[in-house]
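The values are calculated or read from the model by the stated rules, or taken from the named source; none is laboratory data. Predicted model only: the values in this text are computed from it and were never measured. Reconstructed Cβ throughout: ideal geometry from the backbone, glycine too, with neighbour counts over all protein chains shown. Accessible surface areas use protein heavy atoms only, side chains included; no ligands, DNA or RNA. Shrake-Rupley method; radii C 1.70, N 1.55, O 1.52, S 1.80 Å.
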Amino acid sequence: MLEIQKQLKSSFFVLLSLPSTAMGFALSIQIAALSWILNTKYGFDIHEVGIVWAAGPIAGIIGQPLAGLASDKVWFLGGRRRPFILIGGVLTALMLLALPNIHVISDALGFEPTKAASDLSEGQYPASIYVAIAVALILDLSINISFNPTRSIIADVTNEETVTKGYTWMQTISGTFGVLAYFLGSTLGNISLIYVGVLLVFVFSVLPVFFIEEPETLNSAEDEDTGSGRSETDTVGFIKVLLAHAPTWLGIQTMFVFMFAYVQQEYPNLGNEEVGSVINWSFLIFNAVAALLPALVLEPITKKIGRVKTHAICIGIMAVGYAGMIVMGNNSVYMIYTMMVILGVGWAATVSLPFAIMSEKVAKAKMGFYMGIFNLSVVLPQLAVSAFIGKILSEAEDKTLMFYIASIALAISAVVWMTVKESKNTGESSSVPSGGHH
């Protein structure tokens with residue numbers, strides 16, 4: 001065991017944060033570049049883009065519960081979480097590498113392109129939507145394989161006094177690199193961002209886990225049958241959290257997937273690279289707010305009014321932000337950026353508070369499994385966005401419809417959150433990142 005782990009020094013918490021940072025960086029690339037590259041490089045229309053995005057939620061439904069359950073039980077390659085982080089990290093890096101090369105893979109495998117070359121614009125490559133779906137499916141499954149273990153390993157190697165510090169470091173470092181991802185996409189372009197991401201994801205996933213020693217026995221498991229605290233699951237409370245969290249993701253995912261179509265509609269004079277730049281700057285601002293707010297602002301507020309009420313207020317603010325996008329988003333790209341600051345308040349809560357609320361309602365020794373189940377409140381709405389909202393938006397003349405959908409969904413979420421009962425202890429875990437892969 002490294003000396004920095006024995007003494008739980010800050011440098012160890014940095015090391016411990018890197019695998020989760022890798023998955024967060026990959027996710028940022030997916031949000032920034034997947035829709036853009038499918039539309040601008042391969043000529044897929046908005047409905048086809050939605051179909052490709054549907055592969056991810058399907059992977060999440062299967063991947064996270066199984067990976068969470070398995071990582072609670074197995075011991076392999078000298079660790080409980082290590083095998084899942086290694087496998088997921090390597091596959092994620094490979095699938096990121098595949099994104100700008102879908103046409104090459106299509107040709108190599110002999111797949112017919114979805115669109116004829118004559119139907120494509122200058123600079124676009126004929127490619128198969130089936131290959132795009134396979135790449136998106138493996139990419140998202142790989143992220144899902146790793147996401148829960150990268151969070152669970154922090155709880156495994158810390159103690160009651162240092163667990164919050166571990167998650168706070170993770171959130172800060174992961175959030176900072178997420179902002180960096182959008183900055184690179186804005187300044188260097190999405191293709192350069194993808195290739196930087198391939199290297200970063202591989203290094204941050206593979207190397208750190210060989211320097212982190214995992215305990216062979218989970219301390220929390222020893223207390224499972226004590227009949228107190230989180231040794232038993234509050235099933236009703238857990239279900240309420242799922243129902244409250246799901247509409248949040250319906251709204252947010254709609255923006256993630258189809259933001260490119262809105263920018264193209266409202267600013268038709270922008271070229272493909274400029275559209276990509278606007279999207280990247282938008283999500284940079286969105287994620288910068290989310291990186292700063294939880295520890296600096298939201299955590300102190302939760303200690304005064306509770307996690308649930310704090311979260312419901314933030315989600316309500318996000319609903320207002322989406323309404324603001326409807327009214328003012330077409331004024332200038334700077335107004336889009338301004339609305340992203342408001343939307344970032346809701347995103348800051350979404351990536352920090354729901355898991356803390358949920359974790360008070362489930363058995364600690366089964367945390368990996370329940371993290372996977374909790375992810376259903378993320379991936380099922382994502383699937384609905386791809387299967388249903390994508391078709392609606394593809395047929396709608398005015399793509400602003402996406403923000404009507406998002407605003408209503410977030411308003412419903414805020415109301416449902418108010419029905420969730422606040423746990424007695426509101427201080428310890430409020431900065432723990434949210435479950436779910438997005």
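Quick check on my filter: what residues within the range 316-329 are of a type outside the set (Val, Ile, Thr) and surrounded by 15 or more Cβ atoms within 10 Å (Cβ to Cβ)?
So in the range 316-329, the residues of a type outside the set (Val, Ile, Thr) come out as 316, 318-319, 321-325, 328-329.
Once the filter is applied, which keeps residues that are of a type outside the set (Val, Ile, Thr) and surrounded by 15 or more Cβ atoms within 10 Å (Cβ to Cβ), the range 316-329 yields 316, 318, 319, 321, 322, 323, 324, 325, 329.
For the range 1-9, state whether one or more residues are open to solvent by 30 Å² or more (accessible area, probe 1.4 Å), in contact (Cβ under 8 Å) with a residue 12 or more places away in the chain, more than 20 Å from residue 144 (Cβ to Cβ) and assigned to a helix (DSSP H, G or I).
no
When you go through (1) modelled with pLDDT of 90 or more; (2) open to solvent by 20 Å² or more (accessible area, probe 1.4 Å); (3) small (Gly, Ala, Ser) one by one for residue 98, which number turns out not to apply?
Status for residue 98: all satisfied but (2).
Keeping to the range 266-282, report how many residues are more than 13 Å from residue 333 (Cβ to Cβ) and in a helix (DSSP H, G or I).
Looking only at that region, the number is 2.
What number of residues within the range 339-373 are among the β-branched types (Val, Ile, Thr), open to solvent by less than 10 Å² (accessible area, probe 1.4 Å) and under 17 Å from the mean Cα position of the chain (by Cα)? Give the steps one after another, and end with the answer.
Filtering the range 339-373 for residues among the β-branched types (Val, Ile, Thr) gives 341-342, 345, 350-351, 357, 362, 373.
Narrowing further to those that are open to solvent by less than 10 Å² (accessible area, probe 1.4 Å): 350, 357, 362.
Of the ones still in play, those that are also under 17 Å from the mean Cα position of the chain (by Cα) are 350.
Result for the range 339-373: 1.
Restricting to the range 371-399, name every residue that is modelled with pLDDT of 90 or more and basic (Lys, Arg).
399 - this is the single residue of the range 371-399 that is modelled with pLDDT of 90 or more and basic (Lys, Arg).
Just to check your reading of the model, which residue among 320, 289 is among the β-branched types (Val, Ile, Thr) and under 15 Å from residue 255 (Cα atoms)? Walk me through it before giving the result.
Numbers: 289 fails: under 15 Å from residue 255 (Cα atoms).
Going through 320, 289 in turn, the sole match is 320.
For the subset of the range 391-413 comprising residues that are among the small types (Gly, Ala, Ser) and surrounded by fewer than 23 Cβ atoms within 10 Å (Cβ to Cβ), which member is farthest from the chain's Cα centre (by Cα)?
Residues of the range 391-413 that are among the small types (Gly, Ala, Ser), as a first pass: 394, 396, 406-407, 409, 411, 413.
Restricting the remaining residues to those that are surrounded by fewer than 23 Cβ atoms within 10 Å (Cβ to Cβ) gives 394, 396, 407, 411.
Details: 394: 24, 396: 27, 407: 20, 411: 21 Å.
The extreme case among them is 396.
Could you go through the range 117-136 and let me know if any residue there is open to solvent by less than 40 Å² (accessible area, probe 1.4 Å) and within 30 Å of residue 5 (Cα to Cα).
Checked the range 117-136: no residue is open to solvent by less than 40 Å² (accessible area, probe 1.4 Å) and within 30 Å of residue 5 (Cα to Cα).
From the list 65, 113, which one is within 21 Å of residue 24 (Cα to Cα) and surrounded by 19 or more Cβ atoms within 10 Å (Cβ to Cβ)? Please lay out each step first, then the result.
Working: 113 fails: within 21 Å of residue 24 (Cα to Cα).
Result: 65 is the single residue among 65, 113 that is within 21 Å of residue 24 (Cα to Cα) and surrounded by 19 or more Cβ atoms within 10 Å (Cβ to Cβ).
Restricting the search to the range 44-53, which residues are crowded, with 22+ Cβ neighbours inside 10 Å and either free of Cβ contacts under 8 Å to residues at least 60 places away in the same chain or of a type outside the set (Val, Ile, Thr) (or both)?
Matches in the range 44-53: 44, 50, 53.
Kindly indicate the residue of the range 10-30 that is of a type in the set (A, V, I, L, M), open to solvent by 10 Å² or more (accessible area, probe 1.4 Å) and under 30 Å from residue 52 (Cβ atoms) and also modelled with the highest pLDDT among those meeting that condition. Before you say what the answer is, go through the steps one by one.
Applying the first criterion (of a type in the set (A, V, I, L, M)) to the range 10-30 yields 14-16, 18, 22-23, 26-27, 29.
Restricting the remaining residues to those that are open to solvent by 10 Å² or more (accessible area, probe 1.4 Å) gives 14-15, 18, 27.
Next, from what is left, pick out any that are under 30 Å from residue 52 (Cβ atoms): 18, 27.
Numbers: 18: 93, 27: 89.
Here the residue is 18.
Given the options 301, 313, 285, 336, name the one that is among the aliphatic types (A, V, I, L, M), open to solvent by less than 10 Å² (accessible area, probe 1.4 Å) and in a helix (DSSP H, G or I).
After applying the criteria, what remains is 336.
Is the range 346-358 home to any residue that is outside any helix (DSSP H, G or I) and of a type outside the set (Phe, Trp, Tyr)? Break it down stepwise before answering.
Pass one, the range 346-358, residues outside any helix (DSSP H, G or I): 351-352.
Then drop every residue that is not of a type outside the set (Phe, Trp, Tyr), which leaves 351-352.
Scanning the range 346-358, I find at least one residue that is outside any helix (DSSP H, G or I) and of a type outside the set (Phe, Trp, Tyr), so the answer is yes.
Just to be sure I understand the filter: pairs with C-beta atoms under 6 Å, separated by 6 or more residues or on different chains, first member in the range 73-94 and among the polar types (S, T, N, Q), second member open to solvent by less than 60 Å² (accessible area, probe 1.4 Å). Which pairs pass?
As it stands, the answer is 92/26; 92/142; 92/143; 92/201, since those pairs meet every condition given.
Residues in the range 69-80: is at least one open to solvent by 10 Å² or more (accessible area, probe 1.4 Å), part of a loop (DSSP other than H, G, I, E, B), under 30 Å from residue 153 (Cα atoms) and basic (Lys, Arg)?
Keep residues of the range 69-80 that are open to solvent by 10 Å² or more (accessible area, probe 1.4 Å), which gives 69-70, 72-78, 80.
Within this subset, residues satisfying the condition of being part of a loop (DSSP other than H, G, I, E, B) are 74-75, 77-78, 80.
If we keep only those that are under 30 Å from residue 153 (Cα atoms) too, we end up with 74-75, 77-78, 80.
Keeping just the survivors that are basic (Lys, Arg) gives 80.
Within the range 69-80, one or more residues are open to solvent by 10 Å² or more (accessible area, probe 1.4 Å), part of a loop (DSSP other than H, G, I, E, B), under 30 Å from residue 153 (Cα atoms) and basic (Lys, Arg).
What number of residues within the range 312-333 satisfy the criterion of being modelled with pLDDT under 95 and of a type in the set (Ser, Thr, Tyr)?
Count: 1.
Going by the structure shown, is residue 88 open to solvent by less than 50 Å² (accessible area, probe 1.4 Å) and either among the basic types (Lys, Arg) or within 20 Å of the chain's Cα centre (by Cα) (or both)? Can you show your working first?
Values: open to solvent by less than 50 Å² (accessible area, probe 1.4 Å): yes; either among the basic types (Lys, Arg) or within 20 Å of the chain's Cα centre (by Cα) (or both): yes.
For residue 88, the condition - open to solvent by less than 50 Å² (accessible area, probe 1.4 Å) and either among the basic types (Lys, Arg) or within 20 Å of the chain's Cα centre (by Cα) (or both) - is met.
Could you tell me whether residue 41 is of a type outside the set (A, V, I, L, M, F, W, C), without any contact (Cβ under 8 Å) to a residue 60 or more places away in the chain and open to solvent by 30 Å² or more (accessible area, probe 1.4 Å)?
no
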